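Student: Have a look at this one before I ask anything.
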Amino acid sequence: MPVTCRNSDLVLDVRDTTPATEDIVNKYDTFLDALCPERYAFQRDAIKAALRFLVSAVYPDTRALAVDNYERNERLRGRYATLADYLATFPLADRRSVSLDLATGTGKSWVLYGLARILLAEGLVDKVLVLCPSLTIEDGLKEKFLQLGADPNLKAILQELGAIHAGADVKSADTDILPGDICVENIHAVYERTGSSIENSFKGKGGRTLVLNDEAHHIFSKADSATKRWLEFLANPDYGFRYMIHVSGTPYIGDDYFTDVVYRYGLKQAIEARVVKQIDYKLDQLVGRDAGLQETWHNHLLNRERLAGRVKPITIIVTEKIAACVRVWGEVVEFIADKEGIGRDEAEKRVLWVASGIPKGADGEYVKRLIPQPEAVRRENVRLLKSVDDPASPVEWIVSVSMLTEGWDVKNVFQIVPHENKAFNSKLLIAQVLGRGLRIPQGLEWPVMVKVNNHERWTPEIENLYRDVLEIDNCISWGWHEAGRAHAFPLHNLEYTPVQQTVEKKAKRAADPETVDFVPQARNWEEASTYRHSGRVLTLIENRDTFKIAEAVRRLKIFLNDKDAALSRRWSSKRLTEFIRRNLEARGYPADFLSLENLLRAQQAFGPAMREPGTESPRLKWAPDSLKEVSPETVHRQSVSEDAIKGHSTVFYTEDSGEALALAEERAVWDGMQRAQEAAATVGREMLNEDIRRLVDHLVPVPRGAFKTPWSFLVASSEPERRFIEHLLLRPTLFDGVIKSPDRGFYALPYSYKPSTKARTHSRTEHFNPDFFLKLAGRQEILVVEIKDDGDDSNRNRAKCRDGLRHFRELNERLEREGLPWRYTFLFLSPDDFPEFFASVADGGYRRWTSALMGELATA
């Protein structure tokens with residue numbers, strides 16, 4: 001019988017840790033640290049997962065990777081009866097072709113850019129081709145790539161690493177793509193013969209080309225006729241593409257998850273990390289179109305009131321087809337005109353309908369009856385999407401088609417309304433619809449929520465699909481429990497601030513720029529092709545923002561002043577104006593305006609002149625600053641799923657632990673777990689099925705007198721942690737309180753390490769939360785314990801131990817200077833150390849005692 005696989009069960013494990021692979025994967029850590037901020041560390045992990053496969057000598061193609069995982073993964077063998085069945089799900093198995101699952105709003109563009117720059121720098125490829133399903137997405141990718149390319153620090157790091165291609169020009173396929181170039185194009189351009197360099201630039205050169213596919217679900221979607229030739233292009237032997245990475249926030253073919261994913265940062269992870277909005281899924285709502293719109297309107301007004309003065313909220317309504325989209329748009333316009341007492345013309349400014357094209361046949365005729373010149377209006381609406389977040393934009397409502405190839409980058413969505421069942425009846429559609437409202441506007445504090453307001457009558461049909469997409473498990477939460485207040489104690493930490501360090505390299509400052517590598521620019525490009533031209537989507541020319549010279553100079557002046565005040569003083573507005581016009585005229589371009597791309601190139605031209613003599617790109621370290629107190633009452637509630645408890649996690653609890661569960665569904669899950677415990681006691685553990693036995697084995701009741709924690713539950717996420725807690729519970733008189741730290745966000749301290757043992761690898765800085773804080777009985781003294789497996793002496797652990805000891809030494813010195821009595825002792829322990837550790841606590845010798853693991857970590 002086939003087993004049910006979670007998405008995470010299908011993720012391919014690239015098991016190549018050979019020195020050759022590790023050297024390349026870790027070589028670019030400094031570049032990735034500069035590209036991806038600490039909060040977005042998952043972007044670095046995604047890039048490294050893809051890179052590991054692309055450079056691996058263990059896996060010559062995706063087929064080899066799939067075979068290895070099928071042999072090792074019991075879940076895969078349970079889902080696919082034969083290896084042949086499994087391999088049939090890989091359309092590009094004979095290439096190095098894998099996917100990355102990155103939830104919408106988590107910064108896929110940074111991952112694409114990072115992969116492009118690293119593979120060019122390493123010389124694994126000569127060119128990069130980035131493909132996407134629409135011109136709007138193409139515009140967004142180009143703008144982000146150009147902004148990242150304007151950062152001189154990134155180029156300097158790659159140069160220091162000996163990059164074969166340290167720089168990378170971002171181009172379209174209307175010009176030849178040369179070695180070191182990144183070509184960004186919408187997929188329709190690859191089918192065009194006229195004006196496209198795709199064939200000349202890439203035919204027969206695929207073995208030295210990296211192809212990056214954005215919104216990759218369009219490649220494999222059977223229903224997506226607009227992009228059905230995408231896969232044919234990738235597989236075309238005339239091109240011979242070998243290296244391909246597909247990126248999507250919705251990696252589904254209908255309800256089936258991609259089988260070639262090598263890294264997954266799913267929606268649930270992104271929500272828990274507060275990278276995207278929390279989804280407030282509403283199950284109880286009125287039935288009927290008019291009633292539904294009334295409720296939607298009410299929610300919109302509440303959002304307006306709640307966000308007044310900060311953000312203009314947007315509601316989106318999602319339909320299945322374009323004709324329905326235009327019809328619903330008209331209904332919403334009439335409704336708003338009536339509710340707000342305004343004319344229809346004014347109401348139409350507040351409601352935008354968005355579709356990827358105008359249908360043919362009867363649906364097309366219907367749309368033309370409702371909207372004169374619908375293609376021109378559609379293109380204008382797509383253009384207006386770029387500015388709907390702007391407070392000056394009147395748009396508050398968007399009516400959209402669910403399978404929309406046009407890209408969105410709208411952050412102000414706070415309500416999503418699937419208008420009909422078919423817009424929300426597959427995992428792909430649900431993931432796409434939810435993705436429209438995930439991005440968080442700048443300046444809002446968590447929790448930031450988006451409501452999903454669908455008809456109640458659909459709930460039984462879509463609930464399981466929805467739960468799968470959001471990975472809603474049977475969970476119980478843990479955190480502050482009032483019954484454990486007596487065992488709470490304050491914790492002290494140090495605030496860290498970045499301090500810039502530099503590395504000497506250049507003897508003198510680079511000269512001020514004389515030239516700029518401007519690219520061709522055209523006036524009114526957007527109006528000429530977007531507002532007036534009707535016909536095929538393929539004829540839509542790239543949209544480019546333009547600036548009058550005075551405005552471009554103003555922006556460039558602000559940029560220089562922000563980056564280097566002395567440089568800004570040398571470059572007056574008059575000098576900048578002459579500089580821009582001279583460079584434009586030298587290339588024969590109109591000299592009375594500047595495109596956005598050329599403005600960014602002008603900024604980039606000043607990069608070398610910003611670096612001080614004798615230095616190169618900046619390096620940062622974290623230095624301790626002020627003292628701060630951390631209260632356990634402020635911890636965000638954590639959760640553990642029933643599946644995790646059946647697997648590797650263990651839950652220790654006491655008789656009143658369940659009282660801290662606030663949600664009815666959590667209480668129901670906990671009651672079910674308790675009934676399983678009772679069944680085991682009544683009929684015997686051996687009479688239960690395997691799932692229940694594993695659950696019972698990982699639920700451990702503890703007498704209240706030994707449960708000295710302010711948390712409702714103590715959750716061990718590994719076997720060493722479980723064994724440590726068992727030791728703690730056997731010695732309740734040694735400690736007044738025990739705090740098991742969450743994995744993130746509670747008590748973090750920085751550490752720097754080199755992933756590779758080779759000296760040329762750059763250090764990277766991350767943060768970790770020590771596992772346990774133990775308050776000694778009757779003393780204002782805290783033992784801080786990090787738990788690891790026996791013999792785990794990795795570079796990362798060496799650095800954690802070294803920097804952890806330094807942190808708590810400096811913390812104790814700060815506490816002493818400020819007259820506070822608390823003191824901290826930091827220890828690394830593995831299971832072999834547990835007996836001696838507790839003996840040292842019992843006899844008071846713990847200050848002089850060192851664990852065997854710490855001895856291993858201290859050796860070079």
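Student: Filter segment 781-805 down to the residues that are more than 21 Å from Asp743 (Cβ to Cβ) and modelled with pLDDT of 95 or more and list them by number.
Tutor: Within segment 781-805, just Glu781 meets the criteria.
Student: Another one. Which of (1) at pLDDT 60 or above; (2) open to solvent by 90 Å² or more (accessible area, probe 1.4 Å); (3) under 34 Å from the mean Cα position of the chain (by Cα) does Val519 not meet, given it meets every other one?
Tutor: Unmet condition: (2).
Student: Which count do you get for residues in segment 1-25 that are farther than 23 Å from Tyr70 by Cβ and surrounded by 21 or more Cβ atoms within 10 Å (Cβ to Cβ)?
Tutor: Residues that pass the stated criteria total 1.
Student: Tell me, which residue of segment 151-197 that is among the hydroxyl-bearing types (Ser, Thr, Tyr) and open to solvent by less than 20 Å² (accessible area, probe 1.4 Å) is nearest to the chain's Cα centre (by Cα)?
Tutor: So the residue we want is Ser172.
Student: Shifting gears a bit: If I ask for residues that are at pLDDT 80 or above and assigned to a loop (DSSP other than H, G, I, E, B), which ones from segment 411-435 would you list?
Tutor: Selection gives Lys411, Asn412.
Student: So, one more: Which numbered condition trips up Gly309, out of (1) over 15 Å from Val413 (Cα atoms); (2) at pLDDT 85 or above; (3) open to solvent by 20 Å² or more (accessible area, probe 1.4 Å)?
Tutor: (2)
Student: When Gly705 is evaluated against the numbered criteria (1) more than 36 Å from the chain's Cα centre (by Cα); (2) part of a loop (DSSP other than H, G, I, E, B), which criterion, by number, is the only one it fails?
Tutor: (2)
Student: Still on this structure, I have one more. Which condition from (1) touching an Asp or Glu at 6+ places or on another chain (Cβ under 8 Å); (2) part of a loop (DSSP other than H, G, I, E, B); (3) of a type in the set (A, V, I, L, M) is the one that Ala323 breaks?
Tutor: Only one criterion in (1) touching an Asp or Glu at 6+ places or on another chain (Cβ under 8 Å); (2) part of a loop (DSSP other than H, G, I, E, B); (3) of a type in the set (A, V, I, L, M) is unmet by Ala323, namely (2).
Student: For segment 482-498, name all the residues that are among the aliphatic types (A, V, I, L, M) and either in a strand (DSSP E or B) or open to solvent by 40 Å² or more (accessible area, probe 1.4 Å) (or both).
Tutor: The answer is Ala483, Ala486, Leu491, Leu494.
Student: Let me ask you something else. In segment 78-115, how many are of a type in the set (Lys, Arg), open to solvent by less than 50 Å² (accessible area, probe 1.4 Å) and either assigned to a loop (DSSP other than H, G, I, E, B) or at pLDDT below 90 (or both)?
Tutor: Looking only at that region, the number is 2.
Student: Do we have Arg760 as open to solvent by 10 Å² or more (accessible area, probe 1.4 Å), modelled with pLDDT of 85 or more and of a type outside the set (A, V, I, L, M) here?
Tutor: Answer is no for this residue.
Student: Do we have Arg369 as among the basic types (Lys, Arg), farther than 24 Å from Leu301 by Cα, surrounded by fewer than 21 Cβ atoms within 10 Å (Cβ to Cβ) and within 28 Å of the chain's Cα centre (by Cα) here?
Tutor: So Arg369 does not fit the description; no.
Student: From the list Ala93, Ala64, Ala116, Ala34, which one is farther than 22 Å from Gly266 by Cβ and without any contact (Cβ under 8 Å) to a residue 24 or more places away in the chain?
Tutor: Every option except Ala64 fails the conditions.
Student: Name every residue in segment 340-385 that is farther than 18 Å from Ile317 by Cα and in contact (Cβ under 8 Å) with a residue 60 or more places away in the chain, in order of residue number.
Tutor: Listed by number, the residues that qualify are Gln373, Glu375, Ala376, Arg379, Glu380, Arg383.
Student: Oh, and also: Out of contact with any Cys (no Cβ under 7 Å at 6 or more places or on another chain), open to solvent by 10 Å² or more (accessible area, probe 1.4 Å), among the aromatic types (Phe, Trp, Tyr) and in contact (Cβ under 8 Å) with a residue 40 or more places away in the chain: is that true of Phe53 in this structure?
Tutor: Here the answer is no, as Phe53 does not meet what is asked.
Student: Let me ask you something else. Return yes or no: is Leu560 out of contact with any strand residue (DSSP E or B) (no Cβ under 7 Å at 6 or more places or on another chain), within 23 Å of Glu143 (Cα to Cα), at pLDDT below 85 and part of a helix (DSSP H, G or I)?
Tutor: Yes; evaluated as a whole, the condition is true for this residue.
Student: Go through (1) under 30 Å from Ala34 (Cα atoms); (2) without any contact (Cβ under 8 Å) to a residue 24 or more places away in the chain and name the single condition Thr82 misses.
Tutor: That leaves (1) as the condition not met.
Student: For segment 643-682, which positions are within 25 Å of Val738 (Cα to Cα), among the acidic types (Asp, Glu), open to solvent by 40 Å² or more (accessible area, probe 1.4 Å) and not in a loop (DSSP other than H, G, I, E, B)?
Tutor: Within segment 643-682, Glu659 is the sole residue that qualifies.
Student: Same structure, new question: Considering only segment 4-30, state which residues are under 14 Å from Tyr80 (Cα atoms) and assigned to a loop (DSSP other than H, G, I, E, B).
Tutor: Thr4, Cys5, Arg6
The values are calculated or read from the model by the stated rules, or taken from the named source; none is laboratory data. Small disclaimer: the values here were computed from a predicted structure and weren't measured. Cβ sites come from the backbone with ideal geometry, for glycine too, and all protein chains shown count toward neighbours. Side chains included, ligands, DNA and RNA excluded: accessible areas come from the protein's heavy atoms. Shrake-Rupley method; radii C 1.70, N 1.55, O 1.52, S 1.80 Å.
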